[in-house]
Amino acid sequence: MPEVHHAKVYFSGHVQGVGFRYQTLQMARGFEISGWVGNLPDGRVLLEAEGTADEVQAFVAGVQEQMQGFIRKTEMSEVKREAQFQGFGIR
């Protein structure tokens, strides 16, 4: 399997109960990325996305822009690894 750019992004703030996951899922349809988004027990939202570096970074920037009124802090780590996801979903 070829390597892809992978980002793991933690969003904190008022990010649960505001349609964050649904909006992220809708936005993912406009990018060539795969992965998932889900709520964490501590109140944060975790986004994992993989694809080309440009697509992943543009997607994360789009999520940040769309949900900026709800995000207080974003923590992101990026690596190259083998692809692990197919499609994009909510967990």
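The values are calculated or read from the model by the stated rules, or taken from the named source; none is laboratory data. For clarity, every value in this text was computed on a predicted model and none was experimentally measured. Note that we place each Cβ from the backbone using ideal geometry, even for glycine, and neighbour counts take in every protein chain shown. For the accessible areas, the whole protein counts, side chains as well, though only heavy atoms, and no ligand, DNA or RNA atoms are used. Shrake-Rupley method; radii C 1.70, N 1.55, O 1.52, S 1.80 Å.
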Among A49, A58, A28, residue whose mean-square fluctuation peaks in a GNM of the chain (springs only between Cα atoms under 10 Å): A58
Label of the coordinate-derived value, percent of Cα pairs over 20 Å apart, listed as [x] 70; [y] 26; [z] 45: [y]
Accessible area of the chain belonging to carbon and sulfur atoms, whole % at 1.4 Å probe: 46 percent
Counted charge near I71, where neighbours are those whose Cβ lies closer than 13 Å (Asp, Glu -1; Lys, Arg +1): +1
Nearest 10 degrees, 0 to 90: helix 53-66 Cα axis against the chain principal axis: 10 degrees
The stretch 1-49: C-alpha pair distances exceeding 13 Å, %: 58 percent
